[in-house]
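The numbers here are math on the coordinates, done by the rules we state, and not lab data. Just so we're clear, the structure is a prediction, and the values are computed from it rather than from any experiment. Neighbour counts are summed over all protein chains in view; Cβ atoms, including those assigned to glycine, are modelled from backbone coordinates with ideal geometry.
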Amino acid sequence: MIELYHVAKTYQRDITALSEINVKIRKGEFVYITGPSGAGKTTLLKLLFAAETPSSGQILIGGKNVSRIRPREIPFLRRQLGVVFQDFKLINHWTVFQNVAFVLEILGFPRKDIRRRVLQTLKRVQLNHRVESFPQKLSGGEQQRVAIARALINDPKILLADEPTGNLDPDITQEIMTFFLEINDRGTTILFATHDRSLIQAYPKRVISLKRGSLITDSEESSGGFELGRT
Amino acid sequence: MQWGFAFRLFGQNFRSNRNLNLLSVGIIAFAFLILGLFLLVAKNLDQIAEKWGEQIQVVIFLKDGTSEPDRKALEKKVRERREVKGLAYVTSEQAYSRLKKMLQDRASVLDGLNQNPLPASLEIQLDKKYRNLASIQAFAGEVREFAGVKEVFFGQKWLKNFLAILRIFRILVLAIGGLIFLASGFIIYNTVKLTVYSRREEIGIMKLVGATDSFLRIPFLLEGVTQAVSASIISIIILWICWLIFRNFLQVPFLLFSQAGISFLDSGQILMLVGSAGLLGILGSMVSFQEFLKV
């Protein structure tokens, strides 16, 4: 589903954000990307949704080479992915409904279908009572659930999450994690960037650890379940 | 492209950023008010010049003893010329009584004359297109050769000065108008840019969930155009209200200068103002939007 071969990203010639990353992620997997601040977690995700281009190496998503994507193809790649951010990235002067519906609007869905699907998805994240609220009136956990609903509305095959629980307190973190695990159970591949070790221990899954831009361990590889980097 | 949604998005944006939009409309309206005011002043000054221009006359003096049929033939021949807008025949008696009237108290100087020395004449008003020195000289030169013509007069020196002043005035109007137009354009561009700038985060979010540039461009273009066009209309309304208030004060001095009264911008000029506002709105939002697309 996602393959990275010798991927490197450098900024201004000498600042290395990522180097020699070789990873394969199968369909339906739940993978943590972990490491301290500045390890390269966010950069890795940015490369996957084409907010950045790799300095070298190849990135394949569903067989499509993302590292050589043309600018006008980027929106179409993003429509196949769901992305959730630590700071939610919601449009504050839009209602919850409008924030989620926007994804379907750009895909040209009929208004009736949009309404039905948005309400369905908001129900799934237990926000059906907040449809007409504005994001700033919601708690952090609720805002993140709106962001998750937006990421899920188009049934993406891959969900990328960049520290989605980073701003949330432990109770809400648990709630959000439950959502992610449910989504994963339904077959969505999830890449979950976090520096929170306790979260990984509470919900053990495959873990890719980064440090100063290099991949230092991959739990899959150490358990022998998947051969990493031997391409 | 989902136009329906683009329009809804535009409406939504306009409402939710009402204060910023009102501020932008206000600034643009101010820029257009200055431009409109300039146009109004220039238009009325030009009307005065136009009135004065109408007084440019060519007078054809007829030879003494020209018979009625000859005079009529000459008149017909002159009237057929494309330079001629109007023609009046002044008999020698009419010319004499005019002169007497002009001299007023000193009319007694004419008493010494045994007979009326003034010739009959044709007073010619020229078409606007031919009110320039070269055309008038050419016209006078040709008419002078017509049968029955004694002399052709057009006040060459006065005309030269008048036309020179007129030319300088028109160049000044163009230059100042151009400068004000550029300044207005710059203000509009920067104001629209401010709106787009305040939305850069929003644009980024929309792009992250898969919106294409062309999809996003439409609501922003609509917003830029709406701001600029509504601002131009507001400025015209303000100008018109000021006009209604001050018109009566200005009418008298203007009438003293010329027979031309003062008038408001005509529909063509109003359309031009609104049209250029729309154009500047499109340009402003297109250029500034492009700057914030790199997400």
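Between A:Ala202 and B:Gln94, what is the label-point separation in nm under the 7 Å Cα-to-beta-carbon projection?
Computed distance between label sites B:Gln94 and A:Ala202 equals 10.8 nm.
Relative to the longest principal Cα axis of chain A, at what angle does helix A:140-152 sit, 0 to 90 degrees, rounded to 10?
Helix A:140-152 sits at roughly 80 degrees to that axis.
Which value, in debye to the nearest 20, gives the size of the charge dipole of the stretch A:75-231 about its Cα centre, when Lys and Arg are +1 and Asp and Glu are -1 at the Cβ?
With only Lys, Arg, Asp and Glu charged at Cβ, the dipole is about 640 debye.
Given a cut-off of 26 Å, name the pairs among A:Lys157/A:Lys205; A:Lys41/A:Lys89; A:Lys9/B:Lys207; A:Lys24/A:Lys123 whose C-alpha atoms lie farther apart than that in the structure shown.
A:Lys24/A:Lys123
Tell me, what HN-Hα J-couplings in whole Hz come from the Karplus equation 6.51 cos²θ - 1.76 cosθ + 1.60 at θ = phi - 60° for each residue of the stretch B:47-61, using x for Gly and Pro?
The phi angles translate into 5, 5, 4, 4, 4, 4, x, 5, 7, 5, 10, 10, 10, 9, 8 Hz.
Say R0 is 60 Å: what FRET efficiency, to the nearest 0.05, do B:Asp127 and B:Arg18 get from their beta-carbon distance?
0.65
Net charge around B:Pro219, counting only other residues with Cβ within less than 11 Å of its Cβ (Lys, Arg = +1; Asp, Glu = -1)?
+1
Of B:Met272, B:Met206, B:Met102, which is the most mobile in a GNM of chain B whose springs link Cα atoms less than 10 angstrom apart?
Result: B:Met102 has the largest fluctuation of those listed.
Work out how far the C-alpha atoms of the stretch B:1-106 reach from end to end along every principal axis, then list the three figures in whole Å, largest first.
Result, largest extent first: 86, 43, 13 Å.
Roughly how many nanometres apart are two label points built 7 Å out from the Cα toward the Cβ at B:Trp158 and B:Ser214?
Taking the two extended label points, one gets 6.6 nm.
Extent of the stretch A:42-160 along each principal axis, from alpha carbon coordinates, in Å, largest to smallest?
47, 30, 23
Net charge near A:Trp94: determine it from the other residues with C-beta under 14 Å of the C-beta of A:Trp94, scoring Lys and Arg +1 and Asp and Glu -1.
Net local charge, A:Trp94 excluded: +3.
Taking the Cα atoms of the stretch B:57-153, what is the range of coordinates along each of the three principal axes, in descending order and whole Å?
Here the spans come out as 41, 28, 18 Å, largest first.
Angle between the Cα long axis of helix A:170-185 and the longest principal axis of chain A, 0 to 90 degrees, nearest 10?
That helix lies at roughly 80 degrees to the long axis.
Using the alpha-carbon atoms, what tilt in degrees (0 to 90, nearest 10) does helix B:133-144 show relative to the longest principal axis of chain B?
30
Sticking with the crude label model, points 7 Å out along Cα→Cβ, report the distance from A:Arg70 to B:Phe246 in nm, one decimal please.
5.7
As a check on your grasp of the helix formula, calculate [θ] at 222 nm for the protein assembly as shown: sum -39500 (n - 2.57) over DSSP H runs of n ≥ 4, divide by the residue count, round to the nearest 500.
Taken over the protein assembly as shown, the calculation gives -18500 deg cm²/dmol.
Long-range amide H contacts for A:Ile33: which residues qualify at under 5 Å (H placed 1.01 Å from N, peptide plane, sequence gap of 5 or more or a different chain)?
A:Phe192, A:Ala193, A:Thr194, A:Ile208
Excluding B:Arg79 itself, what net charge comes from residues whose Cβ is under 13 Å from its Cβ, given Lys and Arg +1 and Asp and Glu -1?
So the surrounding residues net to +2.
Taking the alpha carbon gyration tensor of chain B, what are the square roots of 5 times its eigenvalues, largest first, to the nearest whole Å?
So the three semi-axes of chain B are 63, 20, 14 Å.
Can you give the FRET efficiency to the nearest 0.05 for A:His129 and B:Tyr197, using r as the Cβ-Cβ distance and R₀ = 45 Å?
0.80
Put +1 on the Cβ of every Lys and Arg and -1 on every Asp and Glu Cβ in the stretch B:57-153; which of B:Ser67, B:Leu113, B:Ala147 then has its Cα farthest towards the positive end of the dipole?
After comparing all options, I get B:Ala147.
Hey, what D do you get for chain A in µm²/s if you plug the Kirkwood alpha-carbon radius into Stokes-Einstein at 37 °C and 0.692 mPa s?
In µm²/s, the coefficient is 180.
How large is the translational diffusion coefficient of the protein assembly as shown in µm² per second when you combine the Kirkwood radius over alpha carbon pairs with Stokes-Einstein at 20 °C and 1.002 mPa s?
Estimated diffusion coefficient is 71 µm²/s.
Using a cut-off of 16 Å between alpha-carbon atoms, which lysines can reach B:Lys51, once sequence neighbours fewer than 8 places away in the same chain are excluded?
B:Lys43, B:Lys85, B:Lys128, B:Lys129
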